[in-house]
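For reference, the structure is listed below as structure tokens.
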Amino acid sequence: SMSLDDDSFSWRFSCDVLNDASIALLKPDASGNKELAVIINGHRWEFFVASWGRSRTVDGNKLNKRFNVSGYSRSQYLALPYAPKRTRSISSTTAVQAATNELFGTGYTLNWNTSDLPGWSMPGATFSYQELAPLQVIKRLAATAGAVVQPALAADEITVRPRYWPAPWEL
């Protein structure tokens, strides 16, 4: 199963794996989390495995093993506990620039269409935070504008879009 809601910034997935060989490919190891792709009707999602568990049942004389695997889309790497906490006080900037700066050096890009959701100026050190991960900061900026943060299916991209579309005053 896969799920995403408006207040989440990463896709969630869970699945059952039925044999040892398959779970060996998915279990995190010394090199880190394993990643997998799911393709449904031509749409591709990319996830990393965050946890797995095992269950065993006996059916007659047969031992059945089942492994449950769960994880998140790659955007979760920008949130706790995967991303480091930061503290900043930023001088004059705009909301879009502040959100873009949070992604600097991560390989992720920000998609914030200013014609759908205008940015705003934040003069002289009015934007500061303590002990937040990059996605928490972007989510806070988006919420201030009445927007939500959405991950891409398979790209390293974060989209900030209006929570309600079209805007209620344009109905």
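The values are calculated or read from the model by the stated rules, or taken from the named source; none is laboratory data. From a predicted model like this one, the values you see are computed outputs, not experimental measurements. Note: ideal-geometry Cβ built from the backbone for every residue, glycine included; neighbour counts use all protein chains shown. Protein only, heavy atoms only, side chains kept; ligands, DNA and RNA dropped before computing areas. Shrake-Rupley method; radii C 1.70, N 1.55, O 1.52, S 1.80 Å.
Each label point is 7 Å from the Cα along the Cα-to-Cβ direction; what then is the distance between the points at D6 and D59, in nm?
Taking the simple label geometry, D6 and D59 are separated by 4.2 nm.
If R₀ is 30 angstrom, what is the calculated FRET efficiency for the pair T159 and R66, using the beta carbon separation as r and rounding to 0.05? Each step should come with its number before you reach the end.
Details: r = 36 Å, r/R0 = 1.19.
Efficiency for this residue pair is about 0.25.
Using the Cβ atoms and a cut-off under 10 Å, what net charge is assigned to the surroundings of A143, where Lys and Arg are +1 and Asp and Glu are -1?
Charge balance near A143 sits at +2.
Cross-link partners among lysines for K85, C-alpha distance below 23 Å, same-chain residues fewer than 8 apart left out?
Straight-distance partners of K85: K139.
Give the label of the value calculated from the structure for Rg/Rh (Cα atoms, Kirkwood Rh), choosing from (1) 0.94; (2) 1.09; (3) 1.00.
The value matching this structure is (2).
Given springs between every Cα pair under 10 Å in a Gaussian network model of the chain, which of D59, D20, D156 has the largest fluctuation?
Looking only at D59, D20, D156, the biggest GNM fluctuation is shown by D59.
What part of the accessible area of the chain, given as a whole %, is carbon or sulfur when the probe is 1.4 angstrom?
Of all accessible area on the chain, carbon and sulfur atoms account for 51 percent.
Averaged per residue, what accessible surface does region 25-155 expose to a 1.4 Å probe, in Å²? Working shown, then result.
Numbers: 7440 Å² over 131 residues.
With the other protein chains kept in place, region 25-155 gives 57 Å² per residue.
For region 78-113, run through the chymotrypsin sites (Phe, Trp or Tyr not before Pro) and keep only the ones in DSSP coil with at most 12 other Cβ atoms within 10 Å of their Cβ.
F104
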